[in-house]
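Every read-out reported here was derived from the displayed coordinates using simple, explicitly stated rules and does not represent laboratory data. It should be emphasised that the depicted structure is a prediction, and the values quoted were computed from it without experimental measurement. Cβ coordinates were reconstructed from backbone atoms using ideal geometry, including for glycine residues, and neighbour counts include every protein chain displayed.
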Amino acid sequence: MSKQEIIETIKAKFAGVIEEVDDTLDLTVRIKKDGILDVCRFIHDAEGLDFDYLTDICGVDYPERQPRFDVVYHLYSIDKKHRIRIKAAIGENESISSVESVWKAANWFEREAYDMLGIMFDNHSDLRRILLPEDWKGHPLRKDYPLVTNVGEKWLEEKLRTHVPV
């Protein structure tokens, strides 16, 4: 299936959800956040699309823009050998549906986006920090997170009762 055929297949089903399509390099489809679960389920299950491999979910922080974050899904079809990038914008105090019910691998990726950026995923089975301790303050991949901080040093000193040399 060509990029154009993929676009037309998705547009035929979700015309009101698609905000933008860019096929200059990898095919990128920007959608409204409320359509993420339906679109993902469709492109996973639809014959000819078969996006069966979730490569990654990540977040991008645009602190000067509203809505502040993009949630980006990188998908691949092992059988059809085509790829797509789905993007959805989300505000700082908003959430987006988990796609864990479509791809089990989403569990880890969504937890990472939550931990590093503070992005909330509705109906996630276990949304808690995965890389940092539960009592860690802040989200280190946000662009407003301080570059120079002693948060980690203070945490280590407090939890391990040891001094960390600077």
- Message: How much of the DSSP bridge set in the chain is antiparallel, in percent, rounded to the nearest 5?
- Response: 75
- Exposure proxy ranking, count of Cβ atoms within 10 Å, fewest first, for Ser97, Ser125: Ser125, Ser97
- Query: Can you give me the relative contact order of segment 63-134 as a percent, contacts being Cα pairs under 8 Å and 6 or more apart?
  - Reply: 23
- Note on the structure: The relative contact order of the chain, taking Cα pairs under 8 Å that sit 6 or more residues apart, comes to a percentage of 17
- Would you list Leu117, Leu141, Leu27 from fewest to most Cβ contacts within 10 Å? Leu141, Leu27, Leu117
- Message: Under a crude label model (7 Å from the Cα following the beta-carbon direction), how far is Lys3 from Gln66 in nanometres?
- Response: 3.3
- What are the semi-axes of the equivalent ellipsoid for the chain, taken as the square roots of 5 times the Cα gyration tensor eigenvalues, largest first, in whole Å? 35, 16, 14
- Where does each of Tyr73, Tyr114 land when they are ranked from fewest to most other beta-carbon atoms within 10 angstrom? Tyr114, Tyr73
- Extension reserve of the Lys32-Cys58 stretch, reckoned as 0.36 nm per residue once the Cα distance is removed: 7.7 nm
